[in-house]
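Single-structure report; data block below.
Each value in this text was obtained by applying a stated rule to the coordinates, not by laboratory testing. As the structure is a prediction and not an experimental result, all values here were calculated from the model. Ideal geometry is used to build each Cβ from the backbone, glycine not excepted, and the neighbour counts take in all protein chains shown.
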Amino acid sequence: MIYLDNNASTPVDPEVSDAMFSCLKRDFGNPSSSHMLGRRAKEVLETSRRHISDLLECSQKEIFFTSGGTESNNLALLGTGMLYQTGHIITSAIEHPSVFSTIKHLESRGFEVSYINSDSTGVVNLEELSNAVRRDTILISIMHSNNETGVIQPIEDIATLAKRHGIPFHVDAAQSIGKSHFTLKNSPIDMLTLVPHKFYGPKGVGALYIRSGRTISPLLFGAGHEMGLRPGTENIPGIAGFAKACQITMRDLKLRISHTLYLRETLFEKLRYGIPDVSLNGHKTKRLPNTLNVCIPGISSDELINKIADQVAISSGSACHSGRQIPSRVLKSMGLSDLEALSSIRVSVGKDNTEDEILKAAEIILKAVHDLRKDIPLKSLECTM
């Protein structure tokens with residue numbers, strides 16, 4: 001199996017699993033306990049918080065641990081809604097479901113929402129966003145990079161706009177941290193979601209950055225964990241793995257970016273040579289270095305994915321509902337037709353992929369496409385492989 005679905009989840013780095021296993025064996029105490037084992041667990045908790053804040057270049061007091069990206073997004077959005085009780089929210093039509101569905105819920109509860117469209121390259125329309133701002137706007141939530149296309153949004157411009165109007169600004173950066181250069185240093189972003197299983201850390205843990213001075217309401221109630229915002233005994237082994245993934249990212253990010261970018265472009269060149277009518281979905285340069293989303297006319301993406309499922313792991317943005325394939329909301333927002341969206345695949349390479357794997361994956365994908373649309377000849381790969 002050649003794994004090319006790293007935007008869905010990444011393999012756990014061996015250094016991360018080592019840190020987690022060590023914690024499971026040695027630091028199993030409750031960090032709220034005052035005995036020696038509790039104090040040791042508390043030290044792991046706060047040291048981990050510091051490593052994560054070092055990666056983001058923020059204060060460790062601004063990091064709040066959660067169970068993952070979905071909870072972090074819900075905490076930011078619902079916590080703001082509960083604080084204000086009413087008002088207007090701005091988001092985009094291309095957000096991850098954990099943001100989009102949460103805002104739809106707030107809308108059903110009486111909040112007014114403006115959904116900003118993207119252009120044909122997947123970039124949110126800044127002018128439309130600016131024009132959507134109202135006196136009663138209580139929140140703007142725009143993702144940093146899209147999980148399907150990898151397209152990176154003009155976050156700093158949006159953050160500046162939000163600050164100018166005094167509007168809290170939340171960023172879902174689940175796909176960006178660990179894959180691209182990102183820092184909160186001198187940034188006016190108010191809240192930010194980060195998720196370690198997207199950059200070689202564990203599942204079941206995440207974090208929400210909340211700028212000092214920014215207040216939201218808790219969603220859960222209990223003891224005073226996480227400075228009173230998120231009760232529940234912290235997942236110390238998961239948090240230790242989270243922190244180790246951040247440390248590895250700080251050490252290896254430059255190499256990781258150049259490696260994945262090379263693999264991504266190598267794969268795209270092979271696909272373009274073998275399938276002349278393949279087209280890129282998303283901005284040519286303003287996207288994550290590891291992400292490739294393409295439309296392959298004449299095939300169903302789900303048929304292609306199923307055909308190669310035991311050889312290469314890739315994905316599509318479509319969803320199955322009552323036996324019917326639903327085209328990607330993200331790709332539809334970019335202007336693709338239903339048929340084009342249902343003919344699109346996402347390939348997301350990772351730090352551990354090799355060039356040989358990419359060449360082999362290209363060969364497998366092209367053969368499968370050839371089998372699915374036998375009436376359209378594909379060029380031989382022998383001269384380019």
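Can you tell me how much longer the chain between Asn186 and Tyr84 gets when fully stretched, taken as 0.36 nm per residue apart minus their C-alpha distance, in nm with one decimal?
Working: separation 102, 0.36 × 102 = 36.72 nm, distance 2.66 nm.
Between Asn186 and Tyr84, full extension yields an extra 34.1 nm.
Run the numbers for Ser108 and Ser9: contour at 0.36 nm per residue of separation, minus the present Cα-Cα distance, in nm. It would help to have the intermediate numbers written out before the result.
Working: separation 99, 0.36 × 99 = 35.64 nm, distance 3.10 nm.
Fully extending the segment from Ser108 to Ser9 adds 32.5 nm.
Out of residues 5 or more away from Ile2 or on other chains, whose amide H comes under 5 Å of its own, with H placed 1.01 Å from N in the peptide plane?
HN-HN under 5 Å from Ile2: Val312, Ala313.
Rounded to the nearest 10 degrees, what's the angle between the helix 236-274 long axis and the longest principal axis of the chain, both from Cα atoms, 0 to 90?
20
What distance in nm separates the simple spin-label points at Ser67 and Asp352, each placed 7 Å from Cα in the Cβ direction?
Computed distance between label sites Ser67 and Asp352 equals 2.7 nm.
Which whole-number percent is the relative contact order of the chain (Cα, under 8 Å, 6+ apart)? Walk me through the numbers before you get to the answer.
Numbers: 744 pairs, mean separation 85.9, N = 385.
Taking the mean separation of contacting Cα pairs over the length of the chain, I get 22 percent.
Excluding residues on the same chain fewer than 8 positions from Lys360, give the lysines whose Cα lies under 25 Å from its Cα.
Lys179, Lys198, Lys270, Lys284, Lys307, Lys351, Lys374, Lys379
Amide H neighbours of Ser344 under 5 Å, at least 5 residues apart or on other chains, H built in the peptide plane: list them.
HN-HN under 5 Å from Ser344: Ile296, Ser301.
Can you give me the distance in nm between label points at Leu372 and Glu57, each placed 7 Å from the Cα along the Cα-to-Cβ direction?
Using points 7 Å along Cα→Cβ, the separation is 4.2 nm.
Mind pulling the angle between the C-alpha long axis of helix 155-165 and the longest principal axis of the chain? Nearest 10 degrees, somewhere in 0 to 90.
The angle comes out at about 40 degrees.
Rg and Dmax of the range 36-110, Cα atoms, in Å?
Both quantities, over Cα of the range 36-110: 16.3, 50 Å.
List, in order, the whole-Hz ³J(HN,Hα) value for each residue of the range 37-52 obtained from phi through the Karplus relation with A = 6.51, B = -1.76, C = 1.60 and θ = phi - 60°; use x for Gly and Pro.
5, x, 5, 5, 5, 5, 5, 4, 4, 6, 5, 5, 4, 5, 5, 5
Put a dot 7 Å past each Cα toward the Cβ at Lys163 and Phe28; how far apart are the dots in nm?
4.7
Relative to the first principal axis of the alpha-carbon coordinates of the chain, what is the inclination of helix 355-372, with its axis defined by its Cα atoms, in degrees from 0 to 90 and to the nearest 10?
The helix 355-372 is inclined about 60 degrees to the chain.
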